[in-house]
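The values are calculated or read from the model by the stated rules, or taken from the named source; none is laboratory data. Source: prediction; values computed, not measured. Quick reminder, even Gly has a Cβ in these numbers, built from the backbone with ideal geometry, and neighbours come from all protein chains shown.
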Number of protein chains: 2
Amino acid sequence: MTTEETARAAIGWHQEAQQEQGQEQEQEELELNVFAQLCPSREMFAELADKWSLLILMSLAACGPQRFSELQRGIGGVSRKMLTQSLRTLERDGLVQRTVYPETPPRVVYDLLPLGRELAELVSPLGRWTEQRARQMLAAREVFDAAHTEA
Amino acid sequence: MTTEETARAAIGWHQEAQQEQGQEQEQEELELNVFAQLCPSREMFAELADKWSLLILMSLAACGPQRFSELQRGIGGVSRKMLTQSLRTLERDGLVQRTVYPETPPRVVYDLLPLGRELAELVSPLGRWTEQRARQMLAAREVFDAAHTEA
DNA sequence: CTGTATCCGAAATGATACTG
DNA sequence: CAGTATCATTTCGGATACAG
């Protein structure tokens with residue numbers, strides 16, 4: 001490995017794959033790369049990098065298993081449609097479990113599966129960070145907007 | 001604090017604020033809450049919970065300061081329009097710095113500001129997690145889809 | 001090279017009404 | 001309660017042309 005290669009590797013991630021994606025035959029285990037447009041992991045990433053999906057994961061992590069209506073009350077502004085849709089996707093990908101208790105009226109509870117819990121533990125800090133730094137970002141906005149108003 | 005309240009607090013986050021948002025006068029420092037529809041932090045969160053914004057932050061964290069064209073090559077599938085737009089937002093919120101070197105042709109370099117670096121360090125693990133678990137999620141999908149095909 | 005401006009089709013989302 | 005179906009609207013995002 002050359003000095004150059006060492007330097008690039010030290011910076012992080014997997015630059016080789018970032019160039020293009022097509023002929024990564026070096027390993028029997030194909031490299032997945034969120035930066036590559038056609039990589040399956042990019043599709044997953046694009047799906048998870050969504051406001052509602054992340055809020056659902058955070059809510060389940062913070063408040064534990066919840067019913068559909070609890071989630072909707074807890075996550076301000078979600079419509080039933082978006083909540084249903086996002087939950088289905090999370091369920092499909094094995095992140096969330098949907099359990100129906102055949103009562104009347106029916107009770108449906110959503111909970112994190114191990115995979116979803118892993119992800120939620122990475123996402124929750126993101127939510128807290130946003131709350132902690134929101135004022136700072138808003139302040140930066142005002143400065144930026146002010147500087148771009150004298151036109 | 002009742003046993004019930006202790007339990008709720010232990011679960012995490014700030015349930016009080018999750019109910020509604022309007023009369024949190026308990027502290028001089030208003031509580032920010034990403035779960036509340038009208039909270040400023042929600043707006044910030046919605047803005048950051050975006051595919052392109054997150055990929056830009058990850059790319060800058062992984063590869064260091066980059067020019068516009070480098071970012072576009074590194075992030076597969078971004079159009080100039082989306083890249084410009086996302087970079088402007090990140091710049092406006094004080095996460096990214098844009099530096100113009102008045103050469104010919106002009107050279108523009110983007111880099112993380114301290115605030116953006118903080119965020120990037122929370123976001124990058126998310127990208128790596130997605131790559132590591134993508135296969136698992138895809139496998140879960142097949143199972144889910146198979147189970148919902150016999151109709 | 002690094003954008004900006006505009007057009008336009010596609011996709012996301014909200015509102016509403018209906019169902020098991 | 002927990003959805004589904006449909007429609008209307010908004011927003012997103014790519015293509016293209018033009019500019020400093």
Out of (1) at the interface with another protein chain (Cβ under 10 Å from one of its Cβ atoms); (2) in contact (Cβ under 8 Å) with a residue 40 or more places away in the chain; (3) more than 14 Å from DNA strand C (Cβ to nearest atom), the odd one out for A:Leu57 is which? (1)
Report whether or not A:Arg135 is touching a residue at least 40 places away in the same chain (Cβ under 8 Å) and out of contact with any Gly (no Cβ under 8 Å at 6 or more places or on another chain). no
So which pairs qualify, if the first residue must be in region A:68-79 and under 18 Å from A:Leu112 (Cα atoms), the second must be of a type in the set (D, E, K, R), the Cβ gap must be under 7 Å, and the two must be at least 6 apart or on different chains? A:Gln72/A:Arg80
Within region A:108-124, is even one residue at pLDDT below 95, acidic (Asp, Glu) and farther than 11 Å from A:Leu57 by Cβ? no
Please verify whether B:Pro65 is on the phi < 0 side of the Ramachandran plot and within 15 Å of DNA strand D (Cβ to nearest atom), treating the condition exactly as stated. no
Within region A:58-114, residues part of a helix (DSSP H, G or I) and among the polar types (S, T, N, Q) come out as A:Ser59, A:Ser69, A:Gln72, A:Thr84, A:Gln85, A:Ser86, A:Thr89
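Which one is farthest from the chain's Cα centre (by Cα), of the residues in region B:94-109 that are under 19 Å from B:Phe68 (Cβ atoms) and buried (at least 18 other Cβ atoms within 10 Å of the Cβ)?
Going residue by residue through region B:94-109, those that are under 19 Å from B:Phe68 (Cβ atoms) are B:95-109.
Now narrow it down to the ones that are buried (at least 18 other Cβ atoms within 10 Å of the Cβ): B:95-96.
On the way: B:Leu95: 11, B:Val96: 13 Å.
Out of the qualifying residues, it is B:Val96.
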Any residue that is out of contact with any helix residue (DSSP H, G or I) (no Cβ under 7 Å at 6 or more places or on another chain), of a type in the set (Val, Ile, Thr) and under 30 Å from A:Pro114 (Cβ atoms) - is there at least one of those in region B:130-145? yes
Test B:Ser124 against the criterion of being buried (at least 16 other Cβ atoms within 10 Å of the Cβ), among the hydroxyl-bearing types (Ser, Thr, Tyr) and within 16 Å of DNA strand C (Cβ to nearest atom), and give yes or no. no
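Answer yes if at least one residue in region A:111-119 is near DNA strand C (Cβ under 10 Å from one of its atoms) and without any contact (Cβ under 8 Å) to a residue 60 or more places away in the chain, and no otherwise. Give the derivation first.
Start the filter on region A:111-119 by keeping residues that are near DNA strand C (Cβ under 10 Å from one of its atoms), which leaves none.
Looking for residues that are near DNA strand C (Cβ under 10 Å from one of its atoms) and without any contact (Cβ under 8 Å) to a residue 60 or more places away in the chain, one finds none in region A:111-119, hence no.
Please go through region A:115-136 and give me each residue that is among the basic types (Lys, Arg) and either more than 7 Å from chain B (Cβ to nearest Cβ) or not in a helix (DSSP H, G or I) (or both), ordered by number.
From region A:115-136, those among the basic types (Lys, Arg) are A:117, A:128, A:133, A:135; that's our starting set.
Listed by number, the residues that qualify are A:Arg117, A:Arg128, A:Arg135.
Taking the stated definitions as given, is B:Leu112 hydrophobic (A, V, I, L, M, F, W, C), facing chain A (nearest Cβ under 7 Å) and crowded, with 16+ Cβ neighbours inside 10 Å? Lay out the reasoning, then the answer.
Working: hydrophobic (A, V, I, L, M, F, W, C): yes; facing chain A (nearest Cβ under 7 Å): no; crowded, with 16+ Cβ neighbours inside 10 Å: yes.
Taking the combined requirement at face value, the residue does not satisfy it.
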Matching option when the condition is within 11 Å of DNA strand D (Cβ to nearest atom), surrounded by 17 or more Cβ atoms within 10 Å (Cβ to Cβ) and of a type in the set (D, E, K, R), among A:Glu131, A:Glu91, A:Glu70: A:Glu91
